[in-house]
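Worksheet for the structure shown next.
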Amino acid sequence: MRRLMLLGPPGAGKGTQAAYLAERYGVRHISTGDILREAKAAGTPLGLLAKGYMDRGELVPDEVVIGLVKERLAQPDIRERGFLLDGFPRTVAQAEALDRLLEELGMPLEAVLNLRVDPELLARRLTLRRSCPACGAVYHLENRPPKVEGVCDICGGALVQRPDDAEETVRNRLAVYSRQTEPLIAYYTGRGLLVEIDGEQPIEAVRQAIVEVLEPAGR
Ligand code: AMP
């Protein structure tokens, strides 16, 4: 399968798993959060528009993110390599727009992997998360600490806390998730695409569970 989506609340491990799957299968990782963070760091008009919403833990308006994804999906490498959506869609309106877009492109989704994690655990994961702005590596101060405090194992960059991982903002992001994004579980169940993955397992076990869905034994 090469046309995939990772669904799940903030902190469920979507980005970590997506990075691995993109590397293993060559599918293109499309993270609207990453695209928006890059735009914000570069100070582009898109970044300036998105900043306020992101810093408050709210969603950037649908038409903005739909436009970004539309542009990315139309690029030729996507048809060739496939895609893995991460953090998009986040509202039913985004999901409906995506359906229309993929239908126009003749590239329907093959599976939606829903990473399930208890909300209490999510808050801990997010507030203890640190990331490397230079290479995108993600750490957790308890479960996956860097070898040297504050320094990226991979590229030596200085680790930071995403501004939206501060405690107050995390609470808001989780509330926004349950109000606006959780309905997508029913949406994709209704389309026969949803696959449940236990996202509370260690990273390697989650990875294995996903690989088993993508490469069923004996196929
Ligand atoms: P993420 O890295 O996926 O948690 O996204 C970080 C932030 O970017 C979110 O809290 C939103 O403010 C914004 N964002 C990312 N993806 C979307 C989306 N599909 N719709 C609206 N806002 C988004």
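Every number in this text was worked out from the coordinates using simple rules, so none of it is lab data. Everything numeric in this text was worked out from a predicted model, so none of it was measured. Cβ placement follows ideal geometry from the backbone for every residue including glycine, while neighbour counts extend to all protein chains displayed.
Across the range 125-136, not a single residue is classified as surrounded by 20 or more Cβ atoms within 10 Å (Cβ to Cβ), away from the ligand (no atom under 16 Å from the Cβ) and more than 16 Å from the chain's Cα centre (by Cα).
Being near the ligand (Cβ under 7 Å from one of its atoms), part of a helix (DSSP H, G or I) and without any contact (Cβ under 8 Å) to a residue 40 or more places away in the chain is the filter here; which residues of the range 38-61 pass it?
Going through the range 38-61, the residues near the ligand (Cβ under 7 Å from one of its atoms) turn out to be 50, 53-54, 57-60.
Filter once more, so that each one left must be part of a helix (DSSP H, G or I): 50, 53-54.
Across the range 38-61, the qualifying residues are 50, 53.
For the range 56-93, filtered to residues that are surrounded by fewer than 20 Cβ atoms within 10 Å (Cβ to Cβ) and among the small types (Gly, Ala, Ser), the residue that is nearest to residue 170 (Cα to Cα) is 93.
Here are some residues: 151, 92, 117. Which one is more than 15 Å from the ligand (Cβ to nearest atom) and either within 16 Å of the chain's Cα centre (by Cα) or of a type in the set (Val, Ile, Thr) (or both)? Before you say what the answer is, go through the steps one by one.
Details: 92 fails: more than 15 Å from the ligand (Cβ to nearest atom); 117 fails: more than 15 Å from the ligand (Cβ to nearest atom).
None of the other options fit; the residue is 151.
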